[in-house]
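Participant: Just dropping this structure here.
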Amino acid sequence: MVLPLLSALPASRAGAEGTSLPAAVAGLEIELIAHATEDLDKVLAAAKNILPPGAGERVKFKVKEYKGHYGNPIRLLKARVRDRELARAIFEHIIARLPEGDREELLGGLKRRLSGGALYLRLDKQWASLGQIRLCAADPIWVRVRFSSSRAEDIRAACEGAGQGP
């Protein structure tokens, strides 16, 4: 499913009825770890599965190699999206594809996930490898969404309106 991007309006003014959104998406970062026991290509595919169709070619992941406590290789995959329209499309896609229970959990514990105008999400890497988006706590895909406002009410409104369409 392709979500409407409301491209005729600037991101700061693209609201559900053409009104201004209290908090526009200003950027987005994605990070995840590929452990020694995981296939790097499969981990990268899981990360790209959280993106809207066509965005995988535009989001570039950098890989850094580290060594664990016991000398095991650990690879950190990172992507930074500075294009506001692309970041907004990814944010809306993630929120729209969350199961209802996860969306309720996100909104219910929103203040815990906010810091300095950014929303921190932990998405399940295993479910992402199957093409589904779910929240989790262990071995996640970390997503940091930066907003134009740091007010919790504004970010809540952006989350509630994400993926709703025009």
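The values are calculated or read from the model by the stated rules, or taken from the named source; none is laboratory data. These numbers were taken from a predicted model, which means no experiment stands behind them. Here the Cβ positions follow ideal geometry from the backbone for every residue, glycine too, while neighbour counts run over all protein chains shown.
Participant: Condition first: among the basic types (Lys, Arg) and surrounded by fewer than 15 Cβ atoms within 10 Å (Cβ to Cβ). Now tell me which residues in the stretch 125-155 satisfy that.
Facilitator: Correct list: Arg151 only.
Participant: When you scan the stretch 87-101, how many residues do you find that are more than 22 Å from Ile33 (Cα to Cα) and assigned to a loop (DSSP other than H, G, I, E, B)?
Facilitator: Of the residues in that region, 1 qualify.
Participant: Then there is this: If the Cβ limit is 9 Å and pairs must be 6+ apart or interchain, which residue in the stretch 31-43 that is under 13 Å from Phe61 (Cβ atoms) pairs with which residue that is part of a loop (DSSP other than H, G, I, E, B)?
Facilitator: Between residues of the stretch 31-43 that are under 13 Å from Phe61 (Cβ atoms) and residues that are part of a loop (DSSP other than H, G, I, E, B), the close pairs are Leu32/Phe61; Leu32/Asp139; Ile33/Asp139; Val43/His35.
Participant: Could you pull out the residue among Glu104, Glu57 that is free of Cβ contacts under 8 Å to residues at least 24 places away in the same chain, part of a loop (DSSP other than H, G, I, E, B) and either surrounded by fewer than 15 Cβ atoms within 10 Å (Cβ to Cβ) or of a type in the set (D, E, K, R) (or both)? Spell out the reasoning first.
Facilitator: Working: Glu104 fails: part of a loop (DSSP other than H, G, I, E, B).
Going through Glu104, Glu57 in turn, the sole match is Glu57.
Participant: So, Ala137, is that one of a type in the set (Gly, Ala, Ser) and within 14 Å of the chain's Cα centre (by Cα) or not?
Facilitator: Here the answer is no, as Ala137 does not meet what is asked.
Participant: Let me ask something else about it. Quick one: in the stretch 122-166, of everything that is touching a helix residue (DSSP H, G or I) at 6+ places or on another chain (Cβ under 9 Å) and among the polar types (S, T, N, Q), which residue is farthest from Gly108 (Cα to Cα)?
Facilitator: Ranking the qualifying residues of the stretch 122-166, first place goes to Ser129.
Participant: Exactly one condition in (1) touching a Cys at 6+ places or on another chain (Cβ under 8 Å); (2) closer than 14 Å to Trp142 by Cα is not met by Ala118; state its number.
Facilitator: Condition (1) is where Ala118 drops out.
Participant: For residues that are at pLDDT 95 or above and assigned to a loop (DSSP other than H, G, I, E, B), tally how many sit in the stretch 72-86.
Facilitator: Result for the stretch 72-86: 2.
Participant: Now for a different question. Might you let me know whether the stretch 124-135 holds any residue that is of a type in the set (Gly, Ala, Ser), touching a residue at least 40 places away in the same chain (Cβ under 8 Å) and on the phi < 0 side of the Ramachandran plot?
Facilitator: From the stretch 124-135, those of a type in the set (Gly, Ala, Ser) are 128-129, 131; that's our starting set.
So of that shortlist, the ones also touching a residue at least 40 places away in the same chain (Cβ under 8 Å) come out as 128-129, 131.
So of that shortlist, the ones also on the phi < 0 side of the Ramachandran plot come out as 128-129.
Checked the stretch 124-135: at least one residue is of a type in the set (Gly, Ala, Ser), touching a residue at least 40 places away in the same chain (Cβ under 8 Å) and on the phi < 0 side of the Ramachandran plot.
Participant: May I pose another question? Could you list, in sequence order, the residues of the stretch 148-166 that are touching an Asp or Glu at 6+ places or on another chain (Cβ under 7 Å) and on the phi < 0 side of the Ramachandran plot?
Facilitator: The one that is touching an Asp or Glu at 6+ places or on another chain (Cβ under 7 Å) and on the phi < 0 side of the Ramachandran plot: Ala162.
Participant: Those residues that are under 18 Å from Ser149 (Cβ atoms) and touching a Phe, Trp or Tyr at 6+ places or on another chain (Cβ under 7 Å), I need them from the stretch 69-117; list them, please.
Facilitator: Passing the criteria: Arg113, Gly117.
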